[in-house]
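> Structure incoming, see below.
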Amino acid sequence: MFSRILTSGLIAGAAAGLIAALLQLYFVQPVLLHAELYESGQLIHFGAEAVSAHPETGAIDWTRDLLSVLFTMLVYAGYGLMLVALMSLAEGNGHEVTARQGLIWGLAGYVTMQLAPAFGLAPEVPGVAAADVQLRAFWWLGTALATGVALWLIAFGRNWAAWGAAIILILAPHLIGAPQPDAFEGTVPPELSAEFAGRALGTGLMAWTLLGLFSAWLWQRAGQTQAAPAHA
Amino acid sequence: MSARTAQISAGRQSALLPAVLALAIGFGMVFVAGLVQAETLHDAAHDTRHATGFPCH
């Protein structure tokens, strides 16, 4: 059972992570590099002169981009392991997990790990003002945990006590509120910040739906291989 | 206890430990790549953290 979870989760995660990394390099990284020109002071927003919206962001840094690919694959491999572990629990409780249902699992994972935290802490481009990083990490983790448990209760709960608890868990982190900066002292134009948040959430949605699909498909496939009688 | 309930109950027990272990490992990977603030790790994972929506710096 454990090796079935491990192989399905890691392979699905690495594949979805590679796709996520390529999407990020193409769609997100140019916005990030552009913003870093403002973060470092090479460009100044609302300075004496208007600044071109299409500056030169420099040559491709292969080491930097390769590290990003590796770490994105690592993050998604972790997501994949958690997703398949939960699929195995659902199956143990008598719920079928098909590849098609994997799409919904992926969407639920996306809401848990990206959309719900982003509702309070939008994906942050370098050079914007933000509260203390430890406080934000704490809120981020709490929000992901509460949302994940809530979605499980919505999917597998059988009565209004479970669904009511789910509603409270989904709303609580946002009623409490994410840590916000004391003053807005960011140097990056709001246009870039908004573009970055949209792109980060969009690539996340694409990668997570694929992660759900790959995870469920591989999990089913590994189960069939295990259940099939050995050919002598 | 019906056959189906017995089957589900057995499935639940045998599934719990491996699932908890995989959840812990998966969470550890996400935590290290996404949230640990050690400087080297932060610098190497910097772009991934921003693009994936983790709080970065």
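Computed from the coordinates by the stated procedures, all read-outs in this text should not be read as laboratory data. Computed from a predicted structure; not experimentally measured. Cβ atoms come from the backbone with ideal geometry, glycine included; neighbour counts cover every protein chain shown.
> Per DSSP H run of n ≥ 4, the term is -39500 (n - 2.57); total these for chain A, divide by its residue number, and report the mean residue ellipticity at 222 nm rounded to 500 deg cm²/dmol.
Taking each H run of at least 4 residues, the total per residue is -23500 deg cm²/dmol.
> At R0 = 51 Å, how high is the FRET efficiency between A:TRP160 and B:ALA38 if r is their beta carbon distance? Nearest 0.05 is fine.
0.70
> What Kirkwood hydrodynamic radius do you get for the protein assembly as shown when you take the inverse of the mean 1/r over all pairs of distinct Cα atoms, in Å?
By the Kirkwood definition, the hydrodynamic radius is 20.2 Å.
> Something else about it: Going by C-beta contacts inside 10 Å, put A:HIS174, A:HIS54 in order with the fewest on the left.
In increasing order of surrounding Cβ atoms, one gets A:HIS54, A:HIS174.
> Note down the relative contact order for the stretch A:107-232 as a percent, whole number, built from C-alpha pairs under 8 angstrom at least six residues apart.
38
> Right, another one. Please state the equivalent ellipsoid semi-axes for the stretch A:114-171: what are the square roots of 5 times the Cα gyration tensor eigenvalues, largest first, in whole Å?
Output for the stretch A:114-171: semi-axes of 29, 10, 8 Å.
> Kirkwood hydrodynamic radius, computed over distinct alpha-carbon pairs, for the stretch A:38-136: how many Å, to one decimal?
That comes to 17.8 Å for the stretch A:38-136.
> Between exposed GluC sites (Glu not before Pro) in chain A, where DSSP calls loop and at most 11 other Cβ atoms lie within 10 Å, what's the longest gap?
Between exposed loop sites, the widest span is A:97-184.
> Could you tell me the extents of the stretch A:117-226's C-alpha atoms along the three principal axes, largest first, rounded to whole Å?
56, 34, 22
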